[in-house]
Amino acid sequence: MALLGLFLIIFLLVHLSINLCLLRHDGGRWFNDAAYFMGTNYVVKVFELVLFAGFIFHICLGIILQVQNWMSRPVRYAVNNKSETPFLSKYMIWTGGIIFVFLVIHLMNFYAIKLGWADGPRFADGEPNFYQRAIDLFSHPAYSLMYILLFIVLGFHLNHAFQAAFQSLGLNFRKYTKCIEWFGVIYSIVVPIGFIIIPIYFLFIR
């Protein structure tokens, strides 16, 4: 679970770097070139399969662990005692569920077009125009608001996940614990903000 979580955390940086190409004033050339490369390069295609497998295993393991936690104490305590369990850890299954729902929507909006399962803007040669697709989606306030709220939720999910991953791997040495905690906090703020800037740009600036 920890290794898969860190793998997906690293992937978010790659995804963000490509998405930020949407902010360039080049008619979407950089973004579409990156999307075309990601969709045609054989090494990336193999990585894509690994990524999907990572998501599936991460989700399944998360559900299994949560069910085990619930089953370990099927009857609630009569008196609620203070717990040392981090606040966010109690809601990881719910924030994860929200992220999963958005992931399905995201795949329907982009990946389904790539596979030819859904209609969407295309170039004359038939290749998907993902830049135009992004513009069309972010031009809708409802979609942009959902996108922004999702990445706020993702920020909370990442904040606990980052620290929990190092703890699970036994890498939370006392000397570096504070550094890991602060790096996790910074990451869980900066990365979601990077994604949130995009719909704000298309709604209010562009």
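Bear in mind that the values in this text are calculations on the coordinates, not laboratory data. Computed from a predicted structure; not experimentally measured. Every residue, glycine as well, gets a Cβ built from its backbone with ideal geometry; the counts of neighbours run over all protein chains shown.
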Please rank 133, 122, fewest neighbouring Cβ atoms within 10 Å first, as an exposure proxy. 122, 133
Binning at 5 angstrom from zero up to the longest distance, how are the C-alpha pair distances of segment 100-168 distributed in percent? 4, 14, 19, 19, 14, 11, 9, 6, 3, 1, 0
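Please work out how many pairs of lysine residues in the chain are eight or more positions apart (or on different chains) and have Cα atoms closer than 28 angstrom.
On the way: 45/114; 82/90; 82/175; 82/178; 90/175; 90/178.
Total qualifying Lys-Lys pairs in the chain comes to 6.
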Assuming R0 = 30 Å, can you tell me the calculated FRET efficiency for the pair residue 94 and residue 178, based on Cβ-Cβ distance, to the nearest 0.05? 0.60
Order these by the 10 Å Cβ neighbour count, fewest first: 58, 140. 140, 58
Just the ratio, please: alpha-carbon radius of gyration of segment 87-206 over 2.2 N^0.38 Å, N its number of residues. 1.31
For residue 122, distant residues with modelled amide H under 5 Å away: 129
Computed [θ] at 222 nm, deg cm²/dmol, the chain (DSSP H ≥ 4; -39,500 (n - 2.57); rounded to nearest 500): -23000 deg cm²/dmol
For segment 10-58 and segment 108-142, write down the distance between their C-alpha centroids in whole Å. 15 Å
Cα atoms only: what Rg and Dmax, in Å, come out for segment 1-43? 12.9, 40
Length released on extending from residue 43 to residue 23, taking residue separation times 0.36 nm less the Cα-Cα span: 4.5 nm
Fewest to most Cβ atoms within 10 Å: 177, 40 sort as 40, 177
Once both label points are put 7 Å beyond Cα along the C-beta direction, the residue 1-residue 53 separation in nm becomes 2.2 nm
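Quick one, can you get me the convex hull of the C-alpha atoms of the chain expressed as volume per residue in Å³?
Numbers: hull volume 32.4 nm³, N = 206.
Once divided by residue count, the hull of the chain is 157 Å³.
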